[in-house]
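**Student:** The structure under discussion is supplied below as structure tokens; questions concerning it will follow.
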Amino acid sequence: MHPGKQENTMNTHLRMLTLAAVLAAFAVTGCATTSMRASSQLEGGQYRQAAETYAAAQRENPDDWQAGVRRGYALYRAGDYQAAQDVLKPLWTNRRAAEYARFWAGIAAIAARDEAAARTAWLEWTSSRFEIVRAIRPRVQQLQVGELALGPDAARGYAEEAALANAREAQADARYGWRPLSPGRSASYERDAFSDTMMPLAPKVYLP
């Protein structure tokens, strides 16, 4: 091949690779921007709008399971309990999403007074976090034997219990988590990493 033609071909390939990289970067940025807009709407109490924006984020990135969970939560908060369950149920098979998707599907079913659907959602619910399990597992057991109160107010109460447990878990992580030491030393289990253990806990919504 003539040296000039070879150089042109290499330049063309380089431009194509650069363009692909730029487009990929724009796609990732677009997905992040959409999710950030949805989160802002969620925090502002615009639950229906947040659900729609999270749906857009999922269309942009079908692997964004966090957007899926948050979309289901937003629908629950908007009072659309069946739609919330419909969005969350497909996420039960996602290893990372299942913990949250099953919990909120169960909450939505409880709010709808659908005991069978709540039992199905919570039947295989599990978490590796001690505080969350301590708060929710007794409710799961009550549901299994038909002793759990149902309805929107009850669902809201269980969600608040989970939020407080999530805050306790976050506090424990901050206090007892592994933290890096000075350069050249390995990480250490520092029990004094968090000093405000006596401060009142601010509920932290049980979301990914």
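**Student:** With every protein chain present, what is the per residue accessible area of region 75-168 (1.4 Å probe, Å²)?
**Tutor:** Details: 4450 Å² over 94 residues.
Result: 47 Å² per residue.
**Student:** Now for a different question. Residue by residue through region 164-172, which ³J(HN,Hα) values in whole Hz follow from phi under the Karplus form 6.51 cos²θ - 1.76 cosθ + 1.60 (θ = phi - 60°), with glycine and proline marked x?
**Tutor:** Result, ordered by residue: 5, 5, 5, 5, 4, 5, 5, 5, 5 Hz.
**Student:** Another question about this same structure. State the Cα centre-to-centre distance between region 92-141 and region 36-58 in whole Å.
**Tutor:** With region 92-141 and region 36-58 each reduced to a Cα centre, they are spaced 23 Å.
The values are calculated or read from the model by the stated rules, or taken from the named source; none is laboratory data. Because the structure is predicted, anything quoted here is derived from the model rather than measured. For accessibility, only protein heavy atoms count, side chains too; no ligands or nucleic acids. Shrake-Rupley method; radii C 1.70, N 1.55, O 1.52, S 1.80 Å.
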